[in-house]
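The values are calculated or read from the model by the stated rules, or taken from the named source; none is laboratory data. All of these numbers come straight from a predicted model, not from anything done at the bench. Methodologically, a virtual Cβ is constructed for each residue, glycine included, from the backbone with ideal geometry; neighbour enumeration extends over all protein chains shown.
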């Protein structure tokens, strides 16, 4: 707790310097949407950024994505090329977005101001989605979206390192919308929303939903597998997310027969030895594979982007490595949010 108090004081001072104009804030020539959180890890920022990219792309907007590229080994501005590189060059989140939108500019850069300038000047970006940018105060934003994990409400948390809060909860005053995500029940969502009402911000509620199961080898949807017959599929599930337990629970709720779960830290760099342990578990359960129509080694899209080249190099298509692609189902506030998104396109 003493370290949390020091951290909180530093964040309070830093935010004050930006809010009073002592520290300068860059204003981009195009609209900027920030997607962020107030709690560390697992709130669903990147799936929400993907939703925004899709929303604008479907309306003919040349929308771009920019993040710092957490976990990459490169430096400076890098334009993500989904078919040529891996997560060590771009970070798994940016690569996940680029895989979904190969025709749109996706970039990483520690200096968001430089990244914005280059996306505008070199890629013709008309609007930029900044991922994980709530605490990045150096850039002005036209819409501030903050994701809240309903399973870990900030009102019951402490500042880092004692808890998961990245800044004092009063920072929610800067948000334009609070997005409640991943509520397991209606009652849980209502409880979280009730606590958030004190900030007087519009509330949106959404829920991740499975879109399909895809092969690692690029052939697309796993042949013959539909979510309607998930109960006939046994899975060896692994993930390296901010909230692995939620992903594993989703698999069970979808009807999959979850035989093994292996959790790793968020943005985990997998070793060949760790992948071999997963393959060994697959072998152990394959003896009973007659009980299922299919037996899969299943992970998330973000993990797929992290390990796809390693899996192909080590195993080719010898094992049924697959990943889940998700989309967001909106439960509340979608119309009000879409109105705000449309307003950014008005000159």
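To keep it simple, each residue is scored yes or no on (1) assigned by TED's automatic domain parsing to the domain that holds residue 309; (2) more than 22 Å from residue 147 (Cα to Cα); (3) part of a helix (DSSP H, G or I).
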{"residue": "24", "(1), (2), (3)": "no, yes, no"}
{"residue": "61", "(1), (2), (3)": "no, yes, no"}
{"residue": "64", "(1), (2), (3)": "no, no, no"}
{"residue": "102", "(1), (2), (3)": "no, yes, no"}
{"residue": "120", "(1), (2), (3)": "no, yes, yes"}
(request) Working only within segment 307-329, note down all residues that are closer than 22 Å to residue 54 by Cβ and in contact with a helix residue (DSSP H, G or I) (Cβ under 8 Å, 6 or more places away or on another chain). (result) 323, 324, 325, 326, 327, 328
(message) Quick check on segment 293-312. Is at least one of its residues more than 12 Å from residue 236 (Cα to Cα), surrounded by fewer than 21 Cβ atoms within 10 Å (Cβ to Cβ) and without any contact (Cβ under 8 Å) to a residue 12 or more places away in the chain?
(response) no
(request) Go through 119, 143 for me and flag whichever is within 28 Å of residue 203 (Cα to Cα) and either more than 15 Å from the chain's Cα centre (by Cα) or at pLDDT 95 or above (or both). (result) 143
(request) Output the residue which, of all residues in segment 66-79 that are in a loop (DSSP other than H, G, I, E, B) and in contact (Cβ under 8 Å) with a residue 60 or more places away in the chain, is nearest to residue 106 (Cα to Cα). (result) 68
(request) Would you point out the residue of segment 272-284, among those that are surrounded by 19 or more Cβ atoms within 10 Å (Cβ to Cβ) and touching a strand residue (DSSP E or B) at 6+ places or on another chain (Cβ under 6 Å), that is farthest from residue 45 (Cα to Cα)? (result) 282
(request) Working carefully through the options 335, 239, 254, find the one that is in contact with a helix residue (DSSP H, G or I) (Cβ under 9 Å, 6 or more places away or on another chain) and more than 26 Å from residue 164 (Cβ to Cβ). (result) 254
(message) With the structure loaded, tell me whether residue 113 is surrounded by fewer than 17 Cβ atoms within 10 Å (Cβ to Cβ), within 26 Å of residue 23 (Cβ to Cβ) and modelled with pLDDT of 95 or more or whether it fails that test.
(response) yes
(request) Could you tell me whether residue 323 is under 22 Å from residue 242 (Cβ atoms), modelled with pLDDT under 95, crowded, with 18+ Cβ neighbours inside 10 Å and over 22 Å from the mean Cα position of the chain (by Cα)? (result) no
